[in-house]
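See below for the structure under consideration.
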Amino acid sequence: MVVPPDVEQPAAAPLAAVWTALASVCDPEIPVLSVLDLGIVRSVEECAGTVTVTITPTYSGCPAVKVIEAGILAAVEALGITGCRIQTRLAPAWTTEWMSAAGRAKLNAYGIAPPAQQVIDISGLGRRAVPPDVTCPRCGSRHTQVISQFGSTACKALYRCQDCREPFDYFKCH
């Protein structure tokens, strides 16, 4: 189709700018992490003037999803892009392997031990599984013990360091 020169056409969305803007969208539960650090942004695409940001939440029932979606929309709209939609994809399920190295370092600096293993080992199901070797984010000791399988959120467990005696959250692998 030929478009007359006097008809203004929408410019293609600057996808690189969208990715940069998404780096400023913080996770509401762990505000030192962006949605990119967490690895929940699967893709950013533009078609016919609409930007689609596809996300995979850390849990299918994550209570923070609506806040994250609002943050993504606000960041994209701040670029002057009015056509943006969020698509949620639950399969494949999010895994801690999608977290960035920078995100893991930010977690540790924030006082939350990052996931200690890359791959989820389900071989221990049905028998007593060996707990992960979790390093204390405060003093670096590996002499830690689990206090509770659930910490401040469902994705974290509560640990205590046996050396510095401080409690801390551990971001569980999944």
Practice item. Would you please name the residue that is farthest from THR135 (Cα to Cα), looking only at residues in the stretch 49-105 that are surrounded by 19 or more Cβ atoms within 10 Å (Cβ to Cβ) and small (Gly, Ala, Ser)? Key: ALA75
Review point. Between a first residue in the stretch 150-174 that is more than 29 Å from PRO57 (Cβ to Cβ) and a second residue that is small (Gly, Ala, Ser), which pairs have beta carbons less than 8 Å apart while being 6 or more apart in sequence or on different chains?
Key: CYS161/SER141; GLN162/SER141; ASP163/SER141; CYS164/SER141
Revision key, fill the gap. Within the stretch 143-174, residues surrounded by fewer than 20 Cβ atoms within 10 Å (Cβ to Cβ) and more than 25 Å from the chain's Cα centre (by Cα) come out as HIS143, GLN145, GLN162, ASP163, CYS164, ARG165, GLU166
Check your understanding: Name the residues in the stretch 43-72 that are part of a strand (DSSP E or B) and either in contact with a Lys or Arg (Cβ under 6 Å, 6 or more places away or on another chain) or among the polar types (S, T, N, Q) (or both), would you?
Key -> SER43, THR50, THR52, THR54
Exercise for review: Please find, among GLU46, GLU8, GLU29, the residue that is exposed (fewer than 12 other Cβ atoms within 10 Å of the Cβ) and modelled with pLDDT under 95.
Suggested key: GLU8
Practice item. Kindly check whether there is at least one residue in the stretch 91-114 that is over 18 Å from GLU29 (Cα atoms), more than 17 Å from the chain's Cα centre (by Cα) and without any contact (Cβ under 8 Å) to a residue 60 or more places away in the chain. Key: no
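Of the residues THR82, THR95, which is out of contact with any Asp or Glu (no Cβ under 9 Å at 6 or more places or on another chain), within 13 Å of VAL41 (Cα to Cα) and of a type in the set (Val, Ile, Thr)? Even if it seems obvious, please write down each step before you answer.
Working: THR82 fails: within 13 Å of VAL41 (Cα to Cα).
Criteria check complete, one pass: THR95.
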Review point. Residues in the stretch 143-174 that are at pLDDT below 95 and in a loop (DSSP other than H, G, I, E, B): how many?
Key: 10
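The values are calculated or read from the model by the stated rules, or taken from the named source; none is laboratory data. Please read these numbers as outputs of a predicted model, since none were measured by experiment. No Cβ is skipped: glycine too gets one built from the backbone with ideal geometry, and neighbour counts run over all protein chains shown.
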